[in-house]
Number of protein chains: 2
Amino acid sequence: MKQHKPTESELEILGILWERGASTVREVHEKLAETKEAGYTTTLKLMQIMYEKGLLTRDASSKTHIYAAAVSQSATQQQLLNKMIDTVFGGSATQLVMQALGHHKSSDEELDQIRKYLSEIEKQQR
Amino acid sequence: MKQHKPTESELEILGILWERGASTVREVHEKLAETKEAGYTTTLKLMQIMYEKGLLTRDASSKTHIYAAAVSQSATQQQLLNKMIDTVFGGSATQLVMQALGHHKSSDEELDQIRKYLSEIEKQQR
DNA sequence: GAACATCTACGAATATCTTCGTAAACAAAT
DNA sequence: ATTTGTTTACGAAGATATTCGTAGATGTTC
């Protein structure tokens with residue numbers, strides 16, 4: 001059972017729901033409007049479609065429905081990463097990692113966190 | 001001067017051109033056909049559109065035109081990474097890096113390579 | 001309960017992406 | 001020079017994604 005691939009707009013909405021947790025259309029729309037120009041019914045329609053696709057769940061017990069992401073953030077991340085590594089990074093996860101590290105300010109703490117993670121991976125692979 | 005965002009199909013073609021270097025439509029199509037079902041004119045049309053968008057250059061001096069990527073692989077990688085970090089990883093490049101490392105087999109050499117890279121970053125930030 | 005605001009449902013218009021058929025240009029082979 | 005094969009150009013159909021207007025339901029306020 002493979003997850004329907006979210007479109008660009010759908011990803012934005014998923015991102016908001018992952019961050020905020022279950023939310024109304026209004027709340028999602030408000031958040032969305034901070035960075036994007038769009039009518040309320042546009043957001044509504046999108047979320048309804050996502051519900052039909054199985055990307056969202058919803059609680060319709062009260063008049064104002066409450067939506068939540070039906071797909072996990074990490075599974076979605078993995079799906080997109082795989083695709084990206086494959087098409088844009090010539091299959092090399094290492095390349096992706098270095099590119100990502102190179103152009104984003106990372107604190108020393110974060111770098112340490114990554115080092116620790118590297119060690120664990122090495123341990124497990126033995 | 002921001003680069004037009006490549007679509008899914010366009011990325012596949014760019015990927016091939018980055019790997020092979022300048023190529024004819026026929027060559028790209030052949031490569032594409034290994035993984036995908038598509039008619040020749042479909043590939044042709046796509047590449048023509050990409051040329052118009054400025055994603056490809058072409059040498060039309062001989063009858064069989066020769067296309068090349070007009071956008072660099074690393075710039076495109078960065079563009080897509082940024083977007084992805086923003087929408088899917090809640091803004092954290094570190095999260096992306098760890099997710100990428102966790103689910104892809106990496107050789108010890110690659111892990112070392114990443115460690116070396118981490119040190120360099122730390123040096124530079126001082 | 002009338003006026004007003006907010007919500008969902010629906011359908012359709014618009015935009016964008018993808019696919020491919022057909023025709024014309026050109027080159028090579030017979 | 002006719003046939004055969006390969007190429008580009010063009011247009012249009014088909015598929016998918018995005019946007020929004022309108023109507024009806026529900027709730028809120030006066």
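The values are calculated or read from the model by the stated rules, or taken from the named source; none is laboratory data. These numbers come from a predicted model, not from an experiment. Note: ideal-geometry Cβ built from the backbone for every residue, glycine included; neighbour counts use all protein chains shown. We work out accessible area using only protein heavy atoms, side chains counted, and drop any ligands, DNA or RNA first. Shrake-Rupley method; radii C 1.70, N 1.55, O 1.52, S 1.80 Å.
Considering the protein assembly as shown at the alpha-carbon level, its Rg and Dmax are found to be 20.9, 68 Å. Accessible surface buried at the B:A interface totals approximately 4400 Å², computed with a 1.4 Å probe on protein heavy atoms.
The lysines within cross-link reach of B:Lys31, meaning a Cα-to-Cα straight distance under 22 Å and a gap of 8 or more places when in the same chain, are A:Lys83, B:Lys45, B:Lys63. Sparsely packed loop sites in region B:1-94 (the GluC sites (Glu not before Pro) outside DSSP H, G, I, E and B with at most 11 other Cβ atoms within 10 Å) comprise B:Glu37. Sorted shortest first, the distances from the B:Ala22 label point to those of the same residue in the other copies are 6.0 nm; each point sits 7 Å from Cα along Cα-to-Cβ. Restricting to Cα pairs below 8 Å that are 6+ residues apart, what does the relative contact order work out to for chain B? Please round to a whole percent. Relative contact order here is 20 percent.
For the protein assembly as shown, the Cβ-based charge dipole about the Cα centre amounts to some 400 debye (Lys, Arg positive; Asp, Glu negative; other atoms uncharged).
Expressed per residue, the C-alpha convex hull volume of chain A stands at 166 Å³. For chain B, a Gaussian network of Cα nodes joined below 10 Å ranks B:Leu111, B:Leu32, B:Leu101 by mean-square fluctuation, and the top entry is B:Leu111. From the largest down, region B:35-86 spans 43, 28, 17 angstrom on the principal axes of its Cα atoms.
Mean partner shielding of peptide B:13-23, defined as the number of other chain Cβ atoms within 10 Å of each residue Cβ, is 1.
Quick one: angle between helix B:73-88 and the longest Cα principal axis of chain B, in degrees between 0 and 90, rounded to 10, please. Rounded to the nearest ten degrees, it is 60.
Helix A:40-53 and the longest principal axis of the C-alpha atoms of chain A enclose an angle of approximately 70°. For the protein assembly as shown, the per residue solvent-accessible surface stands at 57 Å², with DNA, RNA and ligands left out and a 1.4 Å probe.
Taking the convex hull of the Cα atoms, report for region B:8-69 its projected area averaged over all directions, in nm².
Result: 3.8 nm².
Angle of helix A:93-102 to the longest C-alpha principal axis of chain A, folded into 0 to 90 degrees and rounded to 10: 80°. Rounded to the nearest 0.05, the FRET efficiency derived from the C-beta distance between B:Lys63 and B:Gln3 at R0 = 41 Å is 0.85. For label points placed 7 Å from Cα toward Cβ, what is the shortest-first list of nm distances from A:Ser92 to its copies? Computed spacing set for this position: 2.7 nm. Projected label points at A:Lys36 and B:Gln48, each 7 Å from Cα along the beta carbon direction, are separated by 3.3 nanometres. Have a look at B:Gly15, B:Gln48, B:Val28 and report the one farthest towards the positive end of the charge dipole of region B:8-69, computed about the Cα centre with Cβ charges (Lys/Arg +1, Asp/Glu -1). So the residue we want is B:Gln48. Scanning chain A for the Cβ atom closest to the axis that brings A onto B yields residue and whole-Å distance A:Val97, 3. Taking chain A as a Gaussian network, Cα atoms linked when under 10 Å apart, which of A:Lys45, A:Lys31, A:Lys63 shows the biggest mean-square fluctuation? The residue with the greatest mean-square fluctuation here is A:Lys63.
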